[in-house]
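The values are calculated or read from the model by the stated rules, or taken from the named source; none is laboratory data. Note that this is a predicted model, so its numbers are computed, not measured. When we count neighbours, we look across all protein chains shown, and the Cβ atoms used for this are built from the backbone with ideal geometry, even at glycine.
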Amino acid sequence: MHPAEALFDALLLLSMVVLAWQGVHARNMFRAVVSFMMFGLLTAVAWVRLEAPDIALAEAALGAGLTGALLLATLGRLKPERRGARLQRAAKLSMLPWLALGLAGTMTLLAVTLALPAPGLGERVLSAMPEAGVDSPVTAVLLNFRAWDTLLEIAVMLLAVIAIWSLGQDVLASTSRLPAPSLPALVRLLFPLLVLSTFYLLWRGGHGPGGAFPAGALLAAGLVLALLAGARVPERMTGAPLRCALAAGLLAFIIIAVGVMAEGGVFFAYPPRHAPMLIAIVEIAAGLSIGVMLTALFLGGEPTDTQGGST
Amino acid sequence: MSTIAGAILIVLGLLFFLSGTLGLLRFPDVFTRLHALSKADTLALGLVCAGLALHADDGTLQLKLLLIWLLVIVSGATCSSLIARAALAHGIRPWQR
């Protein structure tokens, strides 16, 4: 490794530890949220350094962007006296055992990692690539070899949306908004670009870094920006169309997973000649659903707002 | 030749980043800090992107660098305006000598 790279990595790791510390020990919640967002951004850089651009894309869009927007929106809805409230500080005395425990845990993890077989499952994935139906190993793992895991991830997201929506109505209507003419102008410019990038990443997922999760996150970023700029869910979209969009990814996944059994296959074992098309369908449906689900999480409840226009 | 010019542009950009950060740390209130940060950083990023474009041997890459700069200009300007408006709305008065 080049010395400059080693220096960069060391600085990156150090900043991440400092930011993580600040996130937990910040003077107030706002600082904690900002530290968390910066931590997400640096985590994305760390994934780039580990040559995992797929995860870096998803982390940058989700960890730094959308989670930050969610946390800031939540902060904005807290009562002012709680928003600025000092976070409870851990007593100085209790820190030492935790530090020791953390160090011991890190050492154990390191030992376990070093003891693992070095290339991991990489070889097996690469040897199975001819039957995968896509050229990108990451997409092959996510949507073919380990599609079951991805199916469950999407199911968990949908459950989260259902849980949040069952708590009450959307909270956007009650938030105060700043008169800021520049934001809608920015959204008008960025929204089409973000939708275009969503489809670019969906298409690119077949042969390079990209795929359903980063694409969905970008779509959600566009939709959340539009919501922040004052757009509301159009009335004809609420109800059935919105629910269909939310469930589309999971539905497509399950239908295909069960459907391939009709050809005499096993649950989720795509027949190789149909694999590219089936994966493309799942990828597009999952990407769009992830985008809508993330936006639904931001809405904080089923949209009931009847006034206001759309984008 | 273009490699040296590119390196000079990048170093120049880093100097602007440094001055913007100095302004963020040293200026008295949110408005003056925004003023220092947004302008210096936008120019700095432009210089770094131009320097990297001189190093790139691929037209697509240069186009992407230009696109990055343009997007950051637009979003940076909007963010600065939003932060300044939020600060005004929260009753923060601009600093006066």
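For this structure, a couple of remarks:
- A:ALA229 being touching a helix residue (DSSP H, G or I) at 6+ places or on another chain (Cβ under 6 Å) and under 23 Å from A:VAL282 (Cα atoms): no
- Counting only residues that are of a type in the set (Lys, Arg) and either within 17 Å of A:ALA140 (Cβ to Cβ) or assigned to a helix (DSSP H, G or I) (or both), region A:198-241 holds 2 of them.
- Subset of region A:122-144 [under 15 Å from A:GLY205 (Cα atoms) and either assigned to a helix (DSSP H, G or I) or small (Gly, Ala, Ser) (or both)]: A:MET129, A:ALA132, A:GLY133, A:SER136, A:PRO137, A:VAL138, A:THR139, A:ALA140, A:VAL141, A:LEU142, A:LEU143, A:ASN144
- Listed by position, the helices (runs of 4 or more DSSP H) inside chain B whose residues that are within 14 Å of another protein chain (Cβ to nearest Cβ) and either modelled with pLDDT under 90 or crowded, with 16+ Cβ neighbours inside 10 Å (or both) number at least 3 are B:30-55, B:59-89.
- Set A:LEU142, A:LEU183, A:LEU167: member being closer than 30 Å to B:LEU71 by Cα and either modelled with pLDDT under 90 or within 14 Å of another protein chain (Cβ to nearest Cβ) (or both): A:LEU183
- Evaluating A:TRP148 against the criteria (1) away from chain B (no Cβ under 14 Å); (2) without any contact (Cβ under 8 Å) to a residue 40 or more places away in the chain; (3) aromatic (Phe, Trp, Tyr) leaves one unmet condition, (2).
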